[in-house]
Amino acid sequence: MSKIRILQMALLIMGMSITLAAQDNTQSQPQAPPPDTTPAPAFGQNAPILSPENPPVTGLDQPGLDLHPSSRSFISPAIEVSESADTNGANQLDYKGLNSVSRVVGAFDLQQFWPKSDLFLEYLGGGAFYTQPYYVRQLQAMGFLFVTRWRTGQLAVRDAFEYLPDGSFEIGTFGGSPGLGIANSGGIGIEGGGLPGAHLFGGGSFGAVGNYSRLANTAIVDVVQAISPVAALTVAGGFSNAHFFDPTDQLINSDQLTIEGGYSHLLGRYDQIGAIYAFQLIQFPQVTGGQIYAHIMNIRYSHAISGRLRLVAGAGPEYLELEEGGYSSRWALSARVQLHYKMGKGELIASYEKFTSAGSGLFAGSNVQAARLGYTRPLGRTWQFYGDLGYSHNTRIQSTPETLGIGAGSYNDGFASAIFRKHIGRTWEFLAAYRFGEEEFDEPITLFGSTGRISQRQIGGIGLLWHPRPTRIE
């Protein structure tokens, strides 16, 4: 009987202990938090379509494969001095000789960051000093980019200005540029976004004869607005002009207005599809025959793998209306394919485009097919290599008076260049560069007092670049 009572007492004590332990555990557990009353973030804050690594395929922005975001504001000066041997310093037809060309170019870069806006500004200025005969040409370029963002989109204002004697490649390919590359292509850079051929909305040119200054300026405003996590609308408008300061007034000046709108949609993590429509108005002096109206439609696809690859391909019809002493119209094809691929330490850029251009001063409008291949990679710890190949075929689409442009029906423009740069300490660089260029016309032409079918040029040079450490401004 006593054993039963002892057992009952033990069970009672065990039960009380378990009950008390359970109560203690309940009291020691934290209380459940109250419901979260913070509003959910807008979809634009984390919408995949707004990712800087894979922006809308119909927009003007195209990321590099190496994104190095920075939040530091600074100013950065630089100076580059180079000496080169040039087989055709005056850029004439059927000329062979050897000239010495010295170049001095200074750069000033500024980047300023605010919580929702960024500002980038670059100025390049200097001169090219030619011998036999001796003369001097100015080198001027400026780049401006302002971006402001909100939860579901962004607005960007861009401007690019060039005043150069040898076309749009003068600063960037005869040894590279001393700045950060905002004002020009910076070596092998190929701008992305926009329509086929619309790098900076037509600010570039294909081919140049003679060594007379050319002025080109382009201003663009573009907006990206996400309408869902996987879809966005893009709108852009730009104006560009090209003015040639040749003594004979034979080269053809032009103005170009472009308005475009597009829709981009993510198909998956890596793939995008988009549609883009644009209207272009290309104007020439009235004596050339008038202006060109272009209506362009492109369907575009992109495949992007962050840090490794980006492929963009698109094509569509182009309807042209010409005012050539009357009225005429025609259909054409507009197309673009661009590959940006990182393989090991090297980086490859390849592109092909078919479009209508303002004619580069030689024609009052031309059909262009252009291909370009660039490659860069480090060679050891202190050396860097840049290689660039380009070719374009340009066909006249309007006839002009004999006193304007050239009489040929088409011409080919090709170039190849290689640049080696070596870091010397933290503030100096040595560079060695070679460039070959050739323009071939389908028949002999006369321009700036020289006659022939081919303008060929080879340049080899060395130089020094000084770039002190950037100075922070915040």
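The values are calculated or read from the model by the stated rules, or taken from the named source; none is laboratory data. If you're wondering where the values come from, they're calculated on a predicted model, not measured in any experiment. Because the Cβ atoms are built from the backbone with ideal geometry, glycine has one as well, and the counts that use them run over all protein chains shown.
Data table
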quantity: Condition met for GLY126 (surrounded by 17 or more Cβ atoms within 10 Å (Cβ to Cβ), at pLDDT 85 or above, within 24 Å of PHE239 (Cβ to Cβ) and small (Gly, Ala, Ser)); calculated: no
quantity: For GLY380: the one exception among (1) surrounded by 15 or more Cβ atoms within 10 Å (Cβ to Cβ); (2) at positive phi; calculated: (1)
quantity: Residues of the stretch 143-152 satisfying the condition of being more than 14 Å from the chain's Cα centre (by Cα) and either closer than 14 Å to ASP118 by Cα or hydroxyl-bearing (Ser, Thr, Tyr) (or both); calculated: PHE146, VAL147, THR148, ARG149, TRP150, THR152
quantity: Filter result for TRP114 (at pLDDT 90 or above and more than 20 Å from SER73 (Cα to Cα)); calculated: no
quantity: Some residue of the stretch 465-474 being aromatic (Phe, Trp, Tyr) and more than 26 Å from the chain's Cα centre (by Cα); calculated: no
quantity: Residue count for the stretch 250-281, restricted to those that are closer than 30 Å to LEU404 by Cα, surrounded by fewer than 17 Cβ atoms within 10 Å (Cβ to Cβ) and of a type in the set (Ser, Thr, Tyr); calculated: 0
quantity: Looking only at the stretch 108-131, and only at residues there that are aliphatic (A, V, I, L, M) and in contact with an Asp or Glu (Cβ under 8 Å, 6 or more places away or on another chain), the one that is nearest to PRO165 (Cα to Cα); calculated: ALA128
quantity: Every residue from the stretch 368-401 that is out of contact with any Lys or Arg (no Cβ under 9 Å at 6 or more places or on another chain) and under 18 Å from ALA358 (Cα atoms); calculated: ALA371, HIS393, ASN394, THR395, ARG396, GLN398, SER399, THR400, PRO401
quantity: Residue list for the stretch 254-266, restricted to those being over 20 Å from the mean Cα position of the chain (by Cα) and within 13 Å of PRO55 (Cα to Cα); calculated: TYR263, HIS265, LEU266
quantity: Residue check for GLU353: more than 25 Å from PHE385 (Cα to Cα) and touching a residue at least 40 places away in the same chain (Cβ under 8 Å); calculated: yes
quantity: Hits in the stretch 319-329 - residues which are in a strand (DSSP E or B), surrounded by fewer than 16 Cβ atoms within 10 Å (Cβ to Cβ) and touching a residue at least 12 places away in the same chain (Cβ under 8 Å); calculated: TYR319, GLU321
quantity: Test: SER213 is out of contact with any Lys or Arg (no Cβ under 9 Å at 6 or more places or on another chain), at pLDDT below 95 and small (Gly, Ala, Ser); calculated: no
quantity: Whichever residue in the stretch 396-432 is within 21 Å of PRO77 (Cα to Cα) and out of contact with any Asp or Glu (no Cβ under 9 Å at 6 or more places or on another chain) and, among such residues, is surrounded by the most Cβ atoms within 10 Å (Cβ to Cβ); calculated: PHE430
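Per-residue answers, yes or no, for (1) outside any loop (DSSP other than H, G, I, E, B); (2) surrounded by fewer than 22 Cβ atoms within 10 Å (Cβ to Cβ):
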{"residue": "ASN298", "(1), (2)": "yes, no"}
{"residue": "TRP331", "(1), (2)": "yes, yes"}
{"residue": "THR356", "(1), (2)": "yes, no"}
{"residue": "LEU362", "(1), (2)": "no, no"}
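Every residue, every condition in (1) farther than 30 Å from ASN54 by Cα; (2) at pLDDT 95 or above, yes or no:
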{"site": "ILE299", "(1), (2)": "no, yes"}
{"site": "SER302", "(1), (2)": "no, no"}
{"site": "SER306", "(1), (2)": "no, no"}
{"site": "GLY326", "(1), (2)": "yes, no"}
{"site": "LEU339", "(1), (2)": "no, no"}
{"site": "PHE355", "(1), (2)": "no, no"}
{"site": "GLY374", "(1), (2)": "no, no"}
{"site": "TYR391", "(1), (2)": "no, no"}
